[in-house]
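First the structure, in the form of structure tokens, and then the observations on it.
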Amino acid sequence: MQEWANQLCENRQFGSKMTDSKYFTTTKKGEIFELKAELNSDKKEKKKEAVKKVIASMTVGKDVSALFPDVVNCMQTDNLELKKLVYLYLMNYAKSQPDMAIMAVNTFVKDCEDPNPLIRALAVRTMGCIRVDKITEYLCEPLRKCLKDEDPYVRKTAAVCVAKLHDINAQLVEDQGFLDTLKDLISDSNPMVVANAVAALSEIAESHPNSNLMDLNPQTINKLLTALNECTEWGQIFILDCLANYTPRDDRESQSICERVTPRLSHANSAVVLSAVKVLMKFMEMLPKDLDYYGTLLKKLAPPLVTLLSAEPELQYVALRNINLIVQRRPEILKHEMKVFFVKYNDPIYVKLEKLDIMIRLASQANIAQVLAELKEYATEVDVDFVRKAVRAIGRCAIKVEQSAERCVSTLLDLIQTKVNYVVQEAIVVIKDIFRKYPNKYESVIATLCENLDSLDEPEARAAMIWIVGEYAERIDNADELLESFLEGFHDESTQVQLQLLTAIVKLFLKKPTETQELVQQVLSLATQDSDNPDLRDRGYIYWRLLSTDPVAAKEPPSAFVEGSRGVQHKRLPGSTESESPDTASAAAVSDAPPAVIPSQGDLLGDLLNLDLTPPTTTGPPPPASSGMQMGAMDLLGGGLDSLLGGDLGGSPAIGAGFGAPPAAMPASFSAPVSGGLDDLFDLGGGVGMPMGAYSAPKTVWLPALKAKGLEISGTFARRSGVIQMEMTLTNKAMSVMTDFAIQFNRNSFGLAPAGPLQVLTPLSPNQSIEVTLPLNTVGPVMKMEPLNNLQVAVKNNIDVFYFSCQYPISMLFVEDGKMERQVFLATWKDIPNDSEAQFQIKDCHLNAASNKLQGSNIFTIAKRTVDGQDMLYQSMKLTNGIWVLTEMRVQAGNPVYTVKKCVYIYIANMVDRI
Amino acid sequence: MISQVFILSSKGDHLIYKDFRGGAGNDIVSIFYEKVTALTGDQPPVVMNHKDIYFVHIRQGGLYWVATTTAGSSPFTITEFLNRLAALVKDYCGSLSEKSVQMNFALIYELLDEIVDYGYIQTTSSDVLKNFIQTEAVTSRPFSLFDLSNVGLFGAETQQSKVAPSSAATRPIQSSREQGGKSEIFVDVIERMTVVIGSNGLLMKADVEGEIRVKCYMPSCSEMRIGLNEEFSIGKSQLRGYGAAVRVDECSFHQAVRLDEFDSHRILRLCPSQGEQTVMQYQLSDDLPSALPFRLFPTIERDNGGRLLMYMKLRCDLPPKSLSQELSSPDQSAELKPQSRAVVWKIARFAGGTQLSALFKLEVPSLSSASMLEVGPVGLSFELPKITATGLQIRFLRLSPIQPGPSQRWVRYVTHSDSYTIRI
């Protein structure tokens, strides 16, 4: 047998490569065929070997069901070993071959009458495992006999068989009255039979919750307790588990059960011990606490629990989990056993962590010194995770045992002195928690913490440190510097840190308003304008609004974070703060809800504009510097032009077009489009109102969501400090996240092309919007468009590619060095042919103001004269492709409403050179 | 209740698969193997679940021993059961390995049939089982060098003349009948020490867990009497005899042990079953009767070149074996393990009453005075033959009735380090 087993191994390793096997041939058919022959052999030994081979194949997952009849033929034998092997096979394949399984029934029935109890038991056990309905009816009679068998081994097997049968056909079991027989077996003389009967009944009772099958009364309990002392260890577990379901009538009964179960605590099988502990823990509830016995019992429970910890690591782990539960329920049991839970250096990490948890649960004023000394040692171990947990544990001790807090803090400080990076970071997080729990108590350590500021690279530690600085800003001289240093890389920080930094700086501002105004503006702008994170923006707007409303009132919410659970901040919805100060219009403008919250597009735009264009209010702190400047510029230009141009932009010829003058001549290569281009440009006059200069038009919807599978793009163009920018708002109105954005332009009149990729780094979640600014250059391929300022754009995302076209204001193409020399201007003006002229009218212009404002848009006034009561302005501008535009603007004096503007002459750069 | 039991090799091959309750999918074994191999080091490996099936497993002999169960069962019982199953298979097959399990699959199926019925654990006692088990164990012969590395607790000490051959205790219990195996009985007293010595040199914790194990190859042994030290006492208050008492805090016995002579004469009476069993377990904490076996005197400093100097002086305080001391220093080696950030100093043999010292120079990048604090504890692992930390001795081992034919009795003492830590 050994030989073929060896070959079995080799066969499995080499598979079909094996050629020299008399047992396993290469084709499956041949193998089965050979086995068949051997199974039908006359020699008993050969038969046995053959059945073994069949079972070996079965184990490794080969299908040998084809041999069913041949194997069943071997069943009728007096060789117990062979019989067992055949039964093993039957159990596995009977279900797949129910018809053939009937063939075996006769033998089973016969075997149940066998004089040998081993065979009787074997037959009844195997029959129960053949889960074929047809067989069960034949099973009933033999089972009934076996339940009353004289041999306990057969009875205990039959008891289990009832449970098996019940699982297959519950009705049959009830009809046949097996349940009553099973109940009788609880009083059997053999403890093993009792144990199996209890196990079977418990299981059957589970499927009939109201059946009263296991009616535990004092008599049955008494029987069970008697059997408990005699049966095997596993039987004891069944009985103990069953006892745990019993509810004693009074404390005297529960005491007497406890007394009889207590000896199980010293059993060598730890599973028995634990089951006994379970019973005792339950019944102890009934005992009055002042009873002497209660105290005795408590004392008796500790040593066996401690013993459980000397087992194998797996058992130890399960034991620790159980002990953890016990400790939560009754810490007094193990309160003196702290030392057992100290970790050993060779414990697996999961055992260590579980021990750590129990240590903290057991920590009390009495043993805290010991625990802390131990935890401090753990902090020098090699395993980083464990070290971190140990440091955390020190913090938990401080919070659990108030008297120990000081000691914990000093232990943590010692650990910080080690300068081990992860220890320091973990310690700072823990100290923050201690600060929160015991405010204004240990701030003397802050100086030490601040020394380690630079070494913090984990978000949690950074956030903790920022919290500490913000919270104790009044005690830290250079709190503003510290926070400012974090602000530098604001956008690279994790959200946790950003939020904390925002709160901390607001706190700082409230404590030291004079020095930190700039800082708070900076952080508010970073949070509200440059961030894609709605949480951060929300919080930024709330603070901003609160601060602008009433700095004194604003002191409250940020201070709420002192006690603060983090949840508070998220719960503080914009609406709620709004209602606190409904009367402040300016504040409402500043802190209106962020775009992400607003569902409707119109509102969104309106709000965005409000936010962008409202000049800084005087009541609150001015908006942050960067946007402040931008806003200032907009105020000057936008506001100025608004008032300058009045309200009827729509009806009157657009001034943008007025400025967008036609080229008089083009470089040679441009010759073809030039003539058409001129007309086109003049035609523009009738087109849409074109805004001008650094003033950027309100965003218009370029790509509606309907056309682009949920992606909505609105945008505008602007020229900011010499760079042409396309400013877009991408809104995801689809249900799924959008990623992988990219943008491309079609060839266009002025060679506009993106100067860089579209910066949409984070995926755009549903209902989220993002502001993107795309710098443009004019070095792309040129093609005349219709109209001239038309731009065709393709935007791609993970869903599809979408196309739209938009029109850009010519004014954004005016370059900064468009101021022409007076002489040159004069000479050029004269050279311009009349047919290159165009005229437009603008209403409501103030001349001087206009001149100043226009210069902001790179439209330079060269000269000004007054003729016949008319003010005349001569202006020049230069396009990105080198085309000059010259204009004359006439303003009727005394009638500011009516303004005439005569335009236009164009020149080409190289012509200017020539002159 | 156990639904299935299976044994897998470390590579995931099915060695044994037994379904007790039916209804489990065929892929359950592979699901388990996927899960167990996907575990990371810090996840507790004992219990895993897939839908409503729970896997409980242990690893022994390089094999996975797995039981599946439903939510309501106690994982503790099942883990304990798996340990017993592994022990039984070891008893019956001689040793635990992929090969031995593979060769004895028929025997193991037969065992499983008797041990568990419909998921209820029936018995794990080899005494009971011997009545039912028919299959003979198959052992791998010839004896190979490979097996030497598997020598378990009952292996031999090579220096001694009166020793059992190393393979003596790794044979199947049932082979004694037919293969003419000798009647032998092995008794081991095994103790494991857990010691923590603080950085100030003070003893912070010293625990001993001990057990007496018996491995019996006697088919007809009716009773065995094990005599312990007469002055053996249990608990803190109890003292017996004069002089240094052998004392333990807690003591538990195998259920087959009869203790009627224990109180008066410290004699354990039992009828050992075939195979291996733990007769008695005991614990002692914090109050060792003898000095600790090892003392370490570490000095750690920085030299001028920024290197870390660790000077270790290790002294063995056990009584010297004999007057003739070995003059040559024992074989030693040292190795830096970058992965575990540890230096491993190996000493093959260490005679009592001697001391060894070593100087380790470590190049540590950016060594600062703070990094000195990072130098972690020293862990010692060792095995002390012929010594018990508690002083527990076996006075005598008597078998009754007197065995016919030659029979041998082996008694061995050994103390292992469980976790012997010296903090720096």
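One Cα centroid belongs to the range A:701-767, the other to the range B:265-307; the line between them spans 73 Å.
Each of A:I237, A:S266, A:Q219 was placed along the dipole of the range A:202-280 (beta-carbon charges, centred on the mean Cα), and the one lying farthest toward the positive end is A:S266. In this structure the amide hydrogen of B:V279, modeled in the peptide plane, comes within under 5 Å of the amide hydrogens of B:I212, B:R213, B:V214, none closer than 5 places in sequence on its chain. Multiplying the residue separation of A:S494 and A:K43 by 0.36 nm and removing their Cα-Cα distance gives an extension gain of 154.5 nm. For the range A:340-416, the calculated P(r), taken from all Cα-Cα distances in 10 Å bins from zero up to the bin holding the longest distance, is 20, 58, 21, 0 percent. Considering all different alpha carbon pairs of the range A:314-452, the Kirkwood hydrodynamic radius works out to 15.3 Å.
Between the listed residues A:M281, A:Y294, A:A366, the Cα displaced farthest toward the positive end of the dipole of the range A:275-391, a dipole computed from Cβ unit charges relative to the Cα centre, is found at A:Y294. Net charge dipole, the range A:60-140: roughly 220 debye, given to the nearest 20, about the Cα centre with Cβ charges of +1 for Lys and Arg and -1 for Asp and Glu. Taking 0.36 nm per residue of separation and subtracting the Cα-Cα distance, full extension of the segment from B:A351 to B:A291 would add 20.0 nm.
Counted by Cβ distance under 13 Å from B:S417, the other residues give a net charge of -3, where Lys and Arg count +1 and Asp and Glu count -1. Comparing the range B:334-424 with the 2.2 N^0.38 Å rule of thumb, its C-alpha radius of gyration ratio is 1.77 (two decimals).
Averaging over all projection directions, find the projected area of the Cα convex hull of the range B:23-141 and quote it in nm² with one decimal place.
Details: hull surface 32.7 nm².
The number I arrive at for the range B:23-141 is 8.2 nm².
How big is D, in µm² s⁻¹, for the range B:246-286 by Stokes-Einstein at 4 °C and 1.567 mPa s if Rh is the Kirkwood radius over C-alpha pairs?
On the way: Rh = 11.4 Å.
Taking Rh from Cα pairs, D becomes 114 µm²/s.
Each 10 Å bin, from zero up to the one with the longest distance, holds this percent of the alpha carbon pairs of the range A:424-513: 18, 57, 25, 1. When every Cα-Cα distance of the range A:731-829 is counted in 5 angstrom steps from zero, the calculated P(r) takes the values 2, 11, 17, 19, 14, 13, 10, 5, 3, 2, 2, 1, 0 percent.
Cα convex hull, the range A:220-266: 68 Å³ per residue, rounded to a whole number.
Remark: for residue pairs A:K299/A:K352; A:K355/B:K99; B:K18/B:K215; A:K52/A:K156; A:K156/A:K289; A:K437/A:K507, the C-alpha separation exceeds 30 Å in A:K355/B:K99; A:K156/A:K289. Between the range B:17-89 and the range A:266-312, the C-alpha centres lie 28 angstrom from each other.
A crude spin-label estimate for the pair B:H14 and B:T40, with each label 7 Å from Cα along the Cβ direction, gives 3.2 nm. Working note: Cα atoms of the range A:272-349, range along each principal axis, descending, whole Å: 42, 23, 18.
Volume per residue of the convex hull around the Cα atoms, evaluated for the range A:247-309, comes out as 70 Å³.
Bear in mind these aren't lab numbers, they're just calculated from the coordinates by the rules spelled out. The structure presented is a predicted model; accordingly, all values stated were derived computationally and were not measured. Neighbour counts are summed over all protein chains in view; Cβ atoms, including those assigned to glycine, are modelled from backbone coordinates with ideal geometry.
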